[in-house]
Amino acid sequence: MKRPLMDQNMVNTYALKFENKTMSWEGFRGKKNSKTIDTNHYCLTCFLICWDSASQINDSLLPDINAALADPALEIESDTATVDDIIMCNHLVDFYDRQGYVNSIPLKDFKEIVTLWRDFLTTRPLNGAKIYFTFFGFSF
């Protein structure tokens, strides 16, 4: 399967980094392959990491994004275990944590990043996977 095509401007603006990581635990057999995303917006990163299923993104998140794009006055909320709230309204996505408002990004950028993340989730899991570091017996 081909890797998702990424707009270089989007990659640079949000410092997008998609990675396959292999984790292993000392004393246990086997390894776990995980897909991760990193950006220069910690709330965006935390939010997307919780959306780790392409089908959930297709069934729930993208329809909400499309509804917000179709009707800018519509206010659509979503949350995850790591980000208290996002609100999509007026062509923006506002991120909130426990202390309150954190930042905003354009909704069209958010949709493109979500789509790139979804596409990356469907690529082969061992593409470029390697063990990154060991910490207290865990390799990440």
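Below, the figures for the structure above:
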quantity	calculated
Dipole moment magnitude, nearest 20 debye, segment 9-130 about Cα centre, only Lys, Arg, Asp, Glu C-beta charged	920
Interchain or long-range residues, amide H under 5 Å from ASN103's placed H	PHE95
Computed FRET value (nearest 0.05) for MET10 with ASN58, which takes r as the C-beta separation and R₀ as 22 Å	0.65
5 angstrom amide H check on LEU92, placed H, neighbours 5+ away	LEU107
Amide hydrogen neighbours beyond the local backbone of MET23, cut-off 5 Å, H modeled	LYS32, ASN33, SER34
In sequence order, calculated HN-Hα J values of segment 39-50 (Karplus, 6.51, -1.76, 1.60; Hz; x Gly/Pro)	9, 8, 10, 4, 5, 4, 4, 4, 4, 5, 4, 6
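Throughout, read-outs are computed from the coordinates displayed, never taken from laboratory work. This one's a predicted model, so the numbers in the text were calculated from it and none came from an experiment. Note: ideal-geometry Cβ built from the backbone for every residue, glycine included; neighbour counts use all protein chains shown.
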